[in-house]
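S.K.: To start, I am sharing the structure in question, which I have written as C-alpha cells.
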2 protein chains.
Amino acid sequence: MENQPKIAILGGTGALGSGLAKRWVQAGFPVIVGSRTAEKAQEAANALTPAAGGPAPTGMSNYDAAKAADVVVLTVPFSNHDAILDEIKDVVEGKIVVDAVVPLVPPKVAVVQLPPEGSAGMIAHNKIGDKARVVSAFQNVGANKLQAEGPIACDILVTGNDVESRKTVISLIEPIGMRGIDAGAIANAAAAEAMTSLLIGINKRYKVDCAGIQITGING
Amino acid sequence: MENQPKIAILGGTGALGSGLAKRWVQAGFPVIVGSRTAEKAQEAANALTPAAGGPAPTGMSNYDAAKAADVVVLTVPFSNHDAILDEIKDVVEGKIVVDAVVPLVPPKVAVVQLPPEGSAGMIAHNKIGDKARVVSAFQNVGANKLQAEGPIACDILVTGNDVESRKTVISLIEPIGMRGIDAGAIANAAAAEAMTSLLIGINKRYKVDCAGIQITGING
C-alpha cells in the first residue's frame with residue numbers, strides 16, 4: 001500500500017458511496033468507483049471533479065474495483081450485503097474492507113432492527129474476516145452532508161478487531177472533513193448501526209435533515 | 001402527578017443512582033432514594049443537600065420507594081434487573097418507569113453484548129410494559145459527571161413507546177443539566193445501551209474519564 005491507498009467504493013453510484021467518492025477524489029486520493037456494471041461506474045467516475053494535480057477517478061465493476069484497490073469500501077444496500085461479500089471474497093486477501101452498510105429493514109427504518117449476528121459489520125467479519133481486515137465505519141453520516149462542502153459535524157465510529165486497520169481508516173477519514181473515533185472491536189459496530197435508525201427518526205421528529213453524533217469529552 | 005413529580009431512584013445508593021439523586025434534589029424535586037434496605041436508603045438520603053426551600057429527600061426500600069413515587073428510575077446492576085422488575089411490577093401501574101440499566105457483561109464491558117431481547121429497555125418493556133409506561137434513558141452519562149457541578153456535555157437518548165412519557169422524562173432531564181433527545185421507540189434503547197460499551201472503551205483508549213455523546217444538527 002502506498003501513502004495514498006487506492007480506494008474502491010462498491011455501490012459507489014449510490015447516495016453514500018458517491019458522497020464518499022466525491023470527498024476522497026477532492027482530497028487527492030486515487031478512487032475507483034465500483035458498480036454492478038463498469039459502464040455505470042465509469043459514468044459516475046466521469047462526473048467527479050479531481051483535485052488540482054490529483055488522480056482522475058476510474059470506474060469498474062464491483063469485482064474489478066475490489067481487485068484493483070488497496071482499501072475496499074462497501075456502500076451497497078443491506079439487501080445486497082451478503083452477495084457483495086461473496087462476490088469479493090477471493091480478491092480482498094490482506095486488504096482492509098470498510099463496511100459502511102447499515103442493516104435497515106424497511107419500512108421501519110427509524111426502529112433499530114439489528115440482525116441475529118449482532119450487526120452488518122459482524123456478518124462481514126464472520127464471512128470474510130479470515131482473509132480481509134474488516135473495519136466498520138460511516139454509518140452515521142448523512143449522504144447529503146458528504147455532498148456539501150466543508151467539515152462535517154459528525155464523528156465516524158470506527159470498529160474492527162485489528163487496531164492498525166482502525167488507525168488506517170481513521171487516517172482516511174480526517175482528510176475528508178470528519179473525525180474518526182477508535183471505537184474498539186467489530187462487535188461494537190452494533191452501536192453505530194443502531195444509531196443510524198435513531199438519527200433517521202430524530203431527523204423526522206426534529207424536522208431537520210442532518211442529525212449526527214459527536215463524542216464529547218475527548219480532545220482532538 | 002403534580003408539577004414536580006415524586007421521583008424514586010431504585011438502586012439509589014449506587015454510582016449512577018446517587019448522582020441522579022443529588023442532581024434532582026438540588027433542582028428541587030421530591031426524591032425518594034430506594035435501596036435493598038430502608039436503612040441504607042435513609043443514610044444515602046441524609047447525605048444529600050436539599051435545594052434552598054426544596055423538599056428533603058427520603059429513603060425507603062426499593063419496593064416502598066416505587067410504591068410512593070410518581071416516576072420510578074431503575075439504576076440497579078444488570079444482574080438485578082429482572083429481580084427488581086418482578087419486585088415492583090405490582091406497584092407501578094400507570095407510572096413512568098425509567099430504565100437506566102445497561103446490559104454490561106463483565107469482564108468485557110467495553111464490548112457490546114446486547115441480550116437476546118435486544119436491550120435491557122426491551123426486557124423491561126416486555127416484563128412490565130402492560131402496566132407501566134417504560135422509558136429508557138441515562139445510559140451514556142458518567143456517574144462522575146453527575147457528581148460534579150454544572151451542565152454536562154452529554155445528551156440523554158430517551159426511548160419508549162409512549163410519546164407523552166418520553167416528553168415527561170425529557171422535561172425531568174433539562175433541570176439537571178443535560179439535554180434529553182426524543183429517540184423514538186423502546187426498540188431504540190439498543191443504540192443507547194450499546195453506546196455505553198463504546199464510551200467505556202473510548203475512555204480507556206483516549207485516556208479520559210468522561211467521554212459522552214451529543215446529537216448534532218438539531219437546535220435547542
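S.K.: Rounded to the nearest Å, what's the spacing between the alpha carbon centres of segment A:161-183 and segment B:12-46? Just the number, please.
M.R.: Computed from Cα coordinates, the inter-centre distance equals 41 Å.
S.K.: So, one more: Compute the label-point distances linking A:Asp162 to its equivalents in the other copies; points lie 7 Å from Cα along Cα→Cβ; give nm, one decimal, shortest first.
M.R.: 5.0
S.K.: Also: Just tell me how shielded A:113-119 is by partners: mean number of partner chain Cβ atoms within 10 Å of each residue's Cβ, no decimals.
M.R.: On the way: counts 3, 8, 0, 1, 0, 4, 3.
Partner-chain Cβ atoms within 10 Å, mean over residues of A:113-119: 3.
S.K.: Still on this structure: To the nearest 100 Å², how much accessible surface do chains B and A cover up together, summed over both, with a 1.4 Å probe?
M.R.: Buried area (both sides, nearest 100 Å²): 2700 Å².
S.K.: Using the alpha-carbon centroid of each, what span in Å lies between segment A:196-220 and segment A:75-147?
M.R.: Between the Cα centre of segment A:196-220 and that of segment A:75-147, the gap is 20 Å.
S.K.: Rounded to a whole number, what % of the accessible area of segment A:7-205 do carbon and sulfur atoms account for, probe 1.4 Å? Write down the numbers at each step before the final one.
M.R.: Values: 3880 of 7150 Å².
With neighbouring chains kept in place, the figure for segment A:7-205 is 54 percent.
S.K.: Are there DSSP H segments in chain B that both extend 20 Å or more along their axis (alpha-carbon positions) and score a mean Kyte-Doolittle hydropathy of at least 0.0? List them, or say none. Can you show the working numbers first?
M.R.: Working: long enough: B:189-205 (24 Å, 0.60).
Span-like helices here: B:189-205.
S.K.: On to the next question. Which distances, in nm and shortest first, link the B:Ala51 label point to the same label point in every other copy, taking 7 Å along Cα→Cβ?
M.R.: Counterpart label points of B:Ala51 in the remaining copies fall at 5.3 nm.
S.K.: Let me ask something else about it. Select from A:Val91, A:Phe78, A:Ala148 the residue farthest towards the positive end of the dipole of chain A; place +1 on Cβ of Lys and Arg, -1 on Cβ of Asp and Glu, and compute about the Cα centre.
M.R.: A:Ala148
S.K.: With +1 on each Lys and Arg Cβ and -1 on each Asp and Glu Cβ, how big is the dipole of chain A about its Cα centre, in debye rounded to the nearest 20? If you can, show how the numbers build up before the last one.
M.R.: Numbers: 19 positive and 21 negative charges, 117 e Å.
The dipole magnitude comes to about 560 debye.
S.K.: Okay, next question. Taking every residue in A:193-205, how many Cβ atoms of other protein chains lie within 10 Å of its Cβ, on average? Each step should come with its number before you reach the end.
M.R.: On the way: counts 3, 13, 11, 1, 7, 14, 6, 1, 6, 9, 2, 1, 7.
Mean shielding by partner chains, rounded to a whole number: 6.
S.K.: Provide, for q = 0.08, 0.10, 0.12, 0.19 Å⁻¹, the log10 of I(q)/I(0) from a solvent-free Debye sum over equal Cα point scatterers in segment A:7-205.
M.R.: Here log10 of I(q) over I(0) equals -0.22, -0.36, -0.52, -1.41.
S.K.: Out of all DSSP beta bridges with both ends in chain A, state the antiparallel percent to the nearest 5. Don't skip to the answer; put the middle values down first.
M.R.: Numbers: 2 of 26 bridges.
Approximately 10 percent, going by the DSSP bridge assignments.
S.K.: Suppose you put the label 7 Å out from Cα in the Cβ direction; list, shortest first and in nm with one decimal, how far A:Ala15 is from each other copy's label.
M.R.: 3.9
S.K.: Which whole-number value in Å³ per residue fits the convex hull of the alpha carbons of segment B:124-220? Present the calculation step by step, with values, prior to reporting the outcome.
M.R.: On the way: hull volume 10.7 nm³, N = 97.
Dividing the Cα hull volume of segment B:124-220 by its residue count gives 110 Å³.
S.K.: What relative contact order, as a whole-number percentage, does chain A give when Cα pairs under 8 Å and 6 or more residues apart are counted? Before the final figure, lay out each step's value.
M.R.: Numbers: 492 pairs, mean separation 37.8, N = 220.
Reported as a whole number, the value is 17 percent.
S.K.: Ignore the peptide's own chain and count Cβ atoms of other chains within 10 Å of each Cβ in A:178-184; give me the average, rounded. The partial results should precede the final answer.
M.R.: Details: counts 0, 0, 0, 5, 5, 9, 10.
Whole-number average of other-chain Cβ neighbours for A:178-184 is 4.
S.K.: Additional query: Restricted to Cα positions, what overall size does the protein assembly as shown have along the principal axes? Three whole-Å values, descending.
M.R.: Rounded to whole Å, the extents work out to 71, 37, 36 Å.
S.K.: Separate question: Counting each DSSP H run of 4 or more residues in chain A as -39500 (n - 2.57), what helix-only mean residue ellipticity at 222 nm follows after dividing by all residues, to the nearest 500 deg cm²/dmol? Don't skip to the end; give the middle numbers.
M.R.: Working: 8 runs with 78 residues, N = 220.
Rounded to the nearest 500, it is -10500 deg cm²/dmol.
S.K.: Also, quick follow-up: Per residue Cα convex hull volume for segment B:1-75, in cubic angstrom? Can you show the working numbers first?
M.R.: Values: hull volume 4.9 nm³, N = 75.
Dividing the Cα hull volume of segment B:1-75 by its residues yields 65 Å³.
The values are calculated or read from the model by the stated rules, or taken from the named source; none is laboratory data. These numbers were taken from a predicted model, which means no experiment stands behind them. Cβ sites come from the backbone with ideal geometry, for glycine too, and all protein chains shown count toward neighbours. Heavy atoms of the whole protein, side chains included, go into the accessibility calculation; ligands, DNA and RNA do not. Shrake-Rupley method; radii C 1.70, N 1.55, O 1.52, S 1.80 Å.
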